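Input: a single structure, listed below in structure tokens.
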Amino acid sequence: MVVKSENVKASSIDESLGWALPSTEEILTLPVEELLRRLNTSLAGLSSEDVEERLKVFGYNELVRKKKRVAIIDFLSHFKSPLIIILLIAGLISGFFGEIVNTVIIFSIVVFSVVLDFYQESKAERAAEMLKQRVATTATVLRDGVKREVRLAEIVPGDIIYLSAGDIVPADARVITAKDLFVNQSALTGESFPVEKTALPLKSFDPSIMEWSNYLFMGTSVVSGTATAVVVKTGSLTEYGKIAKRLVEREAETEFQRGIRSFGYMIMQVTFLLVIFVFFINALYMRSVLDSLLFAVALAVGLTPELLPMIISVNLSKGAMAMARKGVIVKRLASIQNFGSMDVLCTDKTGTLTENRIKLVLHVDLKGEESDKVLLYSYLNSYFQTGLKSPLDEAILNFRDIDVKDYRKIDEVPFDFVRKRLSVVLEYQNQRFMITKGAPEEVAKVCAYYEVGDVIADITDEVRGKIEQKYVELSAEGYRVLGVSYKRLREDKPVYAAGDEKEMVFLGFIAFLDPPKETAKESLQLLKGAGVELKILTGDNELVTRKVCEYLGFEIKGMVTGSEIAQMHDDALARVVEEANVFCRVTPAQKDRIINALRNNGHVVGFLGDGINDAPSLRSADVGISVDNAVDVAKESADIILLQNDLTVLHDGVLEGRKTFGNTMKYIMMGVSSNFGNMFSVAGASLFLPFLPMRPTQILLNNLLYDFSQSTIPTDEVDHEYIEKPKRWDIHFIRRFMVFLGPVSSLFDFLTFFVMLFAFNASEPLFQTAWFIESLSSQTLVIFAIRTRRSPFWRSKPSKPLLLSSMAIIAIALIMPYTPLGAIFQFAKPPATFFIVLAAILGSYLALAEVVKRWFYKRYGYRLEQTLIPPRKIGIYLSKTAKLVQNMVAVICLRFESEISIDSLIEDLKECLGYPLDAEQIFHNLNHLRRGGLISINWHARTVKREKVMKEYVMKHVMGELWPKIAGDWQRASEILKVKYGRLNSEYLELLDRQLHPKA
């Protein structure tokens, strides 16, 4: 992480002291004496007066807190959503008309939705509080020449602190002296193993915090050893503090929130235009201005999907309960829909894909063959050593239970950082052994012999080369490796020393790895099949990451390191994040940059993490996912928490998110199309009717009953093909659906008007009653056609609650005119012949709606395929999948024949793209194009046929917003196909020429 702004800030805030804090580079590279001088301190520590002065300048060593607004202002700020505003207006209007029940329902829904949001907003502040609690409350500091325990908040730059095993580092500090110092900083950096810290200055500055071997980070823990250090940064200037600062910033708008906002604005626009139109039409026809206004506003209430917040909440709650049964806790309900829309999942490696628990995986001799003797001797060494047991010792002891009761410990030679090995002296059957374990190169130095099988032989230069080669091979595979040796002792002594470590027998190696979780491999395959691309973001090194990927069967398409990212401009990173799928040695800030680059490229991004370093990324992503063994800060920052050690629930969660999204879209598309149709009918009827086609109170009753019938939509099933791939909000698709399907209901509304006026000679009350029944019945029944792309009922069955609620509302509509309620709403009793006409109208309407729906999906179905339609917020680069789809479109369009073989398509793509293709991905993309109606596929003949709608797609989208990114691909494809086949499709060639050579 390159720190610039902090250095500038640090330099400016302490000018009053007469000296400036050194830069990060100086902190790491200066000799200790010079650094102390620059910090205006010494090995004797600061005086109380110095501390008071520095507290005034630097402030207390506390993490940043979110500024709290007055609770009522915070609560009221949630009412600014367009949809909430519409609903509030609708509720007020309903109250004005005396519809108290409707008013109460609408206001209850609004308040429930707002209270839920208000409750969720406190999450970020709690995350920062968790960070504060994690850090120790006191630390051992040298003040006025005396060691004393000091409150953490009172530590200042220049303080000399003392650390030992088990301590939490209280501030960012530079090591002055260290003995056997190992620090666990995995939660901050993602490294699997504890790292060694020394007092040596770095030879050169490296921006990657993983390379700062003389620097201690606030909040990390000391595993073993002791150290003296000088504090260099406190509070929000620390690496830890920067994360806390990020956690209390305003959260970025997610895909779900963008969709709701866009939909709200669309409803506002349509509602406003409709109200103005109907008001003026009625006013021009000499009706009362007040009556015209009230009628127009009642229509606005009818057009507004006021149950949307409740439908969304019920949908999300149902999804949350389904996920809870599988061991997944949903902390923020809205994240379920983001989960379903997610097309890229970025994941940390340590603790998420892996166990975050070091495990012994190999115990081998010099030839690489498994050796029980290597295991036994390493176990004895770990079991009998009395120092603080490292995670590697724990891994050896947990590997297998070995009976050691016949062994008696005589002495040990402790580990130190010069020898980098540890020896124990044991007695077994009256024979003493020295067993040594440590860094392979250091163990090999004290060995004169080696053992393979039952043969012990002298170590030659050639054998030493083999020992070194085997060590390098194992390390290159990502293992942490230790060497094991032993010797029989000829003389019995009471005390043994490092000098006795000589002429030993080299036994072999033990290798460790943080193993992948058992379900990780299956989970990655399931996510890939569901159209979710995985990218690994880890603080660990390339070798370990590559080994884990190999275990998981995860194909590395490109690997990038944090140091390379540090040198990249955002434009370059936008390209790299599409091409690479493994990012190693990355800092928290770099993880954030990667996620934001993907989001700016138009992806819906999820992030799976478990460490402190993952907390900012969990907030930046559209959906943050953590695991039960994560640190508290990560769990607090996450939207979703996996309680079980089973990553396959990720796939289940994605499918649940898509089901939730699918049912929400059913309500929206059905609601806006049928409501728009009804309001369109009213507006048209106003032109020739001498009275209002329906009273304002009847419109509100119609709206209330209809909403009730749709309240069971969350229980409905979602077609399998809908949840196969990610889906996202598409306001253009919703608007088109409204415009095409709405007038179909209006057509039959006008037919009802005609029949009632000329066949039944209906009076005003009878006319209004008839249209009330027809309108409510038609829009309630049409949900069964709109809820699926398939044929309703036999190929896609609705849920029983939806079926029952719909039938119940239709029954109420038919019966109400004959009840006392009918008189209250001024209904008339229709004649029996009306119901025969009604049945014919409804049957014809449903049949035509099904025909129009099929035509609509054939023409515009491609908009449902996320890879075919770029998001409005498209970045500089297309994803590889989207790029491949567009190249497939280019070849299919430019080929002269309307129907081509799949094999020839693949061959053409290989020539056009110039790199190996994934056949599975091509077939996935063919299905995208088929579901979008752009092509038809004969799987038996293995052919692809171009459909007519392809031309509209190419003209509107390919040669529109996508063209700057794929123009070169189309031009290259045309040149290659012209040479190969001699001719091209003239229709698309003409379009291409117009795009490449526009007329001046």
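The values are calculated or read from the model by the stated rules, or taken from the named source; none is laboratory data. From a predicted model like this one, the values you see are computed outputs, not experimental measurements. Cβ: placed from backbone, ideal geometry, glycine included. Neighbour counts: every protein chain shown. For the accessible areas, the whole protein counts, side chains as well, though only heavy atoms, and no ligand, DNA or RNA atoms are used. Shrake-Rupley method; radii C 1.70, N 1.55, O 1.52, S 1.80 Å.
What's the long-distance tail for region 433-590, i.e. % of Cα pairs beyond 27 Å?
Working: 5842 of 12403 pairs.
Result for the distance tail: 47 percent.
How charged is the neighbourhood of SER47? Take every other residue with its Cβ under 14 Å from the Cβ of SER47, and add Lys/Arg as +1 and Asp/Glu as -1. Can you show the working numbers first?
Working: positive: ARG54, ARG143, ARG148; negative: GLU49, ASP50, GLU52, GLU53, ASP144, GLU154, ASP159.
With Lys, Arg at +1 and Asp, Glu at -1, the net is -4.
If the viscosity is 0.692 mPa s and the temperature 37 °C, what translational diffusion coefficient in µm²/s does Stokes-Einstein give for region 768-833 when Rh comes from Kirkwood over Cα pairs? Walk me through the intermediate numbers first.
Details: Rh = 13.2 Å.
Answer, rounded: 249 µm²/s.
If packing is taken as the average number of other Cβ atoms within 10 Å across a peptide's residues, how do 815-826, 329-340 rank, most packed first?
Ranked from most to least packed, the peptides come out as 329-340, 815-826.
In degrees, nearest 10, range 0 to 90: what is the angle between the Cα axis of helix 289-303 and the longest Cα principal axis of the chain?
The answer is roughly 50 degrees.
By the gyration tensor of its Cα atoms, with a ≥ b ≥ c the square roots of the eigenvalues, what is the shape of region 559-651: rounded for a/c under 1.5, prolate for a/b over b/c, or oblate? Each step should come with its number before you reach the end.
Details: a/c = 2.07, a/b = 1.78, b/c = 1.17.
Prolate, because a/c is 1.5 or more and a/b exceeds b/c.
So how tilted is helix 963-981 from the main axis of the chain? Cα-based, degrees 0 to 90, rounded to 10.
90
Using only the Cα atoms of the chain, what do you get for the radius of gyration and for Dmax, in Å?
That works out to 35.6, 123 Å for Rg and Dmax.
Calculate the FRET efficiency for LYS147 and SER213 from the Cβ-Cβ distance with a Förster distance of 22 Å, rounded to the nearest 0.05. List each step's numbers first, then the result.
Values: r = 26 Å, r/R0 = 1.19.
According to the calculation, E is roughly 0.25.
Compute the convex hull volume of the Cα atoms of region 930-997, divide it by the residue count, and report the result per residue in Å³ as a whole number.
Values: hull volume 7.4 nm³, N = 68.
Roughly 109 Å³ of hull volume per residue.
Can you check what the Kirkwood hydrodynamic radius comes to for region 699-777, Cα pairs only, in Å to one decimal?
Details: mean 1/r = 0.0639 Å⁻¹.
One over the average 1/r among Cα pairs gives 15.7 Å for region 699-777.
Relative to the present Cα-Cα distance, how much length would full extension add between GLU33 and TYR265 at 0.36 nm per residue of separation? Write down the numbers at each step before the final one.
On the way: separation 232, 0.36 × 232 = 83.52 nm, distance 6.36 nm.
Here the segment from GLU33 to TYR265 would lengthen by 77.2 nm.
Assign one of three labels to region 833-951, namely rounded, prolate or oblate, based on the Cα gyration tensor with a ≥ b ≥ c the square roots of its eigenvalues; rounded applies when a/c is under 1.5, prolate when it is not and a/b is larger than b/c, and oblate otherwise. Working shown, then result.
Numbers: a/c = 3.51, a/b = 2.10, b/c = 1.67.
Here region 833-951 falls in the prolate category.
How much length, in nm to one decimal, is gained on full extension between LYS910 and GLU990, taken as 0.36 nm per residue of separation minus their Cα-Cα distance?
Working: separation 80, 0.36 × 80 = 28.80 nm, distance 2.45 nm.
Full-extension gain reported as 26.3 nm.
Could you pull out every residue, at least 5 positions away or on a different chain, whose amide H is within less than 5 Å of the one on ASP628? Hs are placed 1.01 Å off N in the peptide plane, and Pro or chain starts have none.
LEU642
In whole percent, what relative contact order does region 812-952 give with Cα contacts below 8 Å and a gap of six or more residues? Show your work: numbers first, answer last.
Working: 101 pairs, mean separation 33.8, N = 141.
Relative contact order for region 812-952 comes out at 24 percent.
Contact order normalised by length for region 602-702, with contacts defined as Cα pairs under 8 Å and 6 or more residues apart; what percent is it? Don't skip to the end; give the middle numbers.
Details: 93 pairs, mean separation 15.6, N = 101.
Contact order relative to length: 15 percent.
When the Karplus curve 6.51 cos²θ - 1.76 cosθ + 1.60 is applied with θ = phi - 60°, which whole-Hz ³J(HN,Hα) does each residue of region 573-579 get, with x for Gly and Pro?
Once θ is set to phi - 60°, the couplings for region 573-579 become 5, 4, 6, 5, 5, 7, 8 Hz.
Once every DSSP H run of n ≥ 4 in the chain is given -39500 (n - 2.57) and the sum is divided by its residues, what mean residue ellipticity at 222 nm do you get, rounded to the nearest 500 deg cm²/dmol?
Working: 39 runs with 497 residues, N = 1000.
So the helix-based figure for the chain works out to -15500 deg cm²/dmol.
Per-residue HN-Hα couplings for region 33-45, Karplus 6.51 cos²θ - 1.76 cosθ + 1.60 at θ = phi - 60°, whole Hz, x for Gly and Pro?
4, 5, 5, 4, 5, 5, 8, 6, 9, 8, 5, 7, x
Going by average Cβ density within 10 Å per residue, which order do the peptides 516-526, 803-813, 492-502 take, highest to lowest?
Values: 516-526: 19.1, 803-813: 16.7, 492-502: 12.8.
Packing proxy ranking, top to bottom: 516-526, 803-813, 492-502.
What are the residues whose amide H is under 5 Å from the amide H of LYS331, where those residues sit 5 or more places off or on another chain and H is modelled from the backbone?
Those lying under 5 Å, H to H, from LYS331 are ILE640, ILE641.
Counting only heavy atoms of protein chains, what accessible area per residue, in Å², does region 642-761 have with a probe of 1.4 Å? Display every interim value, and only then the final one.
Details: 3630 Å² over 120 residues.
That works out to 30 Å² per residue.
Just want to confirm a number: the relative contact order over the chain, from Cα pairs under 8 angstrom separated by 6+ residues, in percent.
Numbers: 1805 pairs, mean separation 109.8, N = 1000.
After rounding, I find 11 percent.
So how do 142-150, 697-705 stack up, highest first, on mean other-Cβ count within 10 Å? Let's see the in-between values first.
Working: 142-150: 14.0, 697-705: 21.6.
Top of the packing list down: 697-705, 142-150.
Where the centroid of each part is defined by its Cα atoms, how far is region 705-722 from region 217-235 in Å?
57
Over 29 Å between Cα atoms: which of LYS367/LYS528; LYS318/LYS727; LYS535/LYS797; LYS233/LYS420; LYS420/LYS635 fall into that group? Write out the running numbers ahead of the final one.
Details: LYS367/LYS528 39 Å; LYS318/LYS727 19 Å; LYS535/LYS797 38 Å; LYS233/LYS420 31 Å; LYS420/LYS635 37 Å.
LYS367/LYS528; LYS535/LYS797; LYS233/LYS420; LYS420/LYS635, as the Cα separations exceed 29 Å there.
Give me the net charge for the shell around ALA173: Cβ to Cβ below 11 angstrom, other residues only, Lys and Arg +1, Asp and Glu -1. Working shown, then result.
Details: positive: ARG174, LYS197, LYS233; negative: ASP159, ASP172.
So the environment of ALA173 carries a net charge of +1.
What is the helix-to-structure angle for 880-894, meaning the angle in degrees between its Cα long axis and the longest Cα principal axis of the chain, kept from 0 to 90 and rounded to the nearest 10?
Approximately 50 degrees, to the nearest ten.
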